[in-house]
Amino acid sequence: MKTKMGWGMRSRALFAGIGVLLAAFAADVLAAAEVRGVRLWRAPDNTRLVFDLSGPVQHSVFTLTAPNRIVIDINGAQLATKLEQLSLSNTPITSVRSAQRTPTDLRVVIDVSASVTPKSFSLAPNQQYGNRLVVDLFDQEAAAAEASAPQVAIAPSTPQSPVTPTQPAPSKLPPVPGGKRDIVVAIDAGHGGEDPGALGPKGQYEKNVTLAISKELQRQINQEKGFRGELVRTGDYFIPLRKRTEIARKKGADLFVSIHADAAPSRSAFGASVFALSDRGATSETARWLADNENRSDLIGGVGSVSLDDKDRMLAGVLLDLSMTATLSSSLNVGQKVLSNVSRVTPLHKRRVEQAGFMVLKSPDIPSILVETGFISNHNESQKLANRSHQQALARSIQTGIKQFFQQNPPPGTYIAWLRDQGKIAIGPREHVVTSGESLALIAQRYEVSMATLRSANSLKSDHLKVGQMLTIPAAALAAQP
Ligand SMILES: [Zn+2]
């Protein structure tokens, strides 16, 4: 009895002790975030791992060699998902393992077959996702190739150094003497990877529609002698917005075309639209709303500290102001041609080219347009957008507009310029779309024609020009003044 009592007391004390321990343990566990899922995306030069978390975490990443592996320590986290289900095909990753080092410290080890350079950052919750930890593994072969490639991007500069307007960044391929290079059209399929873009009523993803139309557009452009289409995004992965224009520049783009599908709070909204950059705010509230939405892409996919160089960003801003006006006129011109061709295959949302502050259109020296091919949020249009023959018709109309623009304005040294110089393409007079701040004198000077010629060719009663007005520019030879 005595012994029994003693055992009972001891066991109660023991249970109480365990209880305290369990409580402490539970509190710790509650404080830890859960890794609820891991997603993986393969891009041409990197592999992205996204850890979906129930809350914020601290983390560190380091590499180990022989054998090559990446270690990700996530403090204040527990694994609440399986890592084995990740599809690793086409990636340098051979396996992903994990160990719970303490109840709240998780270690993830990634075995890789080739050495990679890891970059990591955390992302705060947004409309689509909660807290995330992003680990990008950059292929070292791709990085080495990039480093040794000739730099056609904006030259580095210190933030304070003055920028001379006479030295714009070379972007287009240099004219080959006597050569007939192709006109390069960079085709940018909007969104991708963990950024699905807008959603259709039946769960269609904008990123898939844009890629399908972009690939079709590339196929059609490549069929046209003298033109070459280059895809900015070739598969289902995320590219930050500024990286998209960078890719276009590296490919020597003469034109940047971003393909999207609209969404609107109202399901009844429909029709295609074409946008060019606005330097002074959006032309309409809708345009502003849309620009906010499209630019949000970087908040969804994150830019981290990976590709953004503050110096380049600053310099790009300065160059932007210097050469944007000339580029914008070309953008509006090609935009109007694309819009009028698109109107033959689908209804338009707006009859004229709209202007908004889209990040992807901010190349200072490459004419850039953004085509919203229709509203994926509209039941009828979402079905059309997923339809193969409608995609082909849309691509054909965009391609036709682009071709018309370049037949009138071929970059020097291209096959199309050569054709025109040989008199082998019948072209109408050139056209110029007036942008804000442009005067008749400025336009006359730019096209090397007299103001009188411009006045008579356009039946102008005064020299006052309206923004968006289309001017006919007579051929310089015919307009030459004695
Ligand atoms: Zn979009």
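The values are calculated or read from the model by the stated rules, or taken from the named source; none is laboratory data. Nothing here was measured: the structure is a model prediction, and the numbers come from that model. With ideal geometry, Cβ positions are generated from the backbone for all residues, glycine too; neighbour counts draw on all protein chains shown. Heads up: the accessible areas ignore ligands, DNA and RNA and are worked out on the full protein's heavy atoms, side chains in. Shrake-Rupley method; radii C 1.70, N 1.55, O 1.52, S 1.80 Å.
For the stretch 39-96, a tally of residues being open to solvent by 70 Å² or more (accessible area, probe 1.4 Å) and outside any strand (DSSP E or B) returns 11. When the criteria are applied in full, TYR205 meets the requirement of being within 12 Å of the ligand (Cβ to nearest atom) and aromatic (Phe, Trp, Tyr). Of the residues contained in the stretch 254-264, one or more are found to be in the same structural domain as VAL345 (by TED's automatic domain parsing), in contact with a strand residue (DSSP E or B) (Cβ under 9 Å, 6 or more places away or on another chain), at pLDDT 90 or above and away from the ligand (no atom under 16 Å from the Cβ). Within the stretch 395-417, if we keep just the residues that are over 18 Å from GLU354 (Cβ atoms) and aliphatic (A, V, I, L, M), the residue that is nearest to the ligand (Cβ to nearest atom) turns out to be ALA395. Restricting attention to the stretch 164-195 and to residues that are modelled with pLDDT of 90 or more and within 16 Å of the ligand (Cβ to nearest atom), the residue that is nearest to VAL135 (Cα to Cα) turns out to be GLY193.
Condition test on GLU224, is it surrounded by fewer than 21 Cβ atoms within 10 Å (Cβ to Cβ) and either free of Cβ contacts under 8 Å to residues at least 12 places away in the same chain or of a type in the set (Asp, Glu) (or both)? First the steps, then the outcome.
Working: surrounded by fewer than 21 Cβ atoms within 10 Å (Cβ to Cβ): yes; either free of Cβ contacts under 8 Å to residues at least 12 places away in the same chain or of a type in the set (Asp, Glu) (or both): yes.
Judged against the criteria, GLU224 is a match.
The set of residues from the stretch 97-139 being assigned to a loop (DSSP other than H, G, I, E, B) and under 15 Å from GLY37 (Cα atoms) comprises PRO125, GLN128, TYR129, GLY130, ASN131.
ARG242 falls short on exactly one of the conditions (1) at negative phi; (2) assigned to a loop (DSSP other than H, G, I, E, B); (3) modelled with pLDDT under 85, and that condition is (2).
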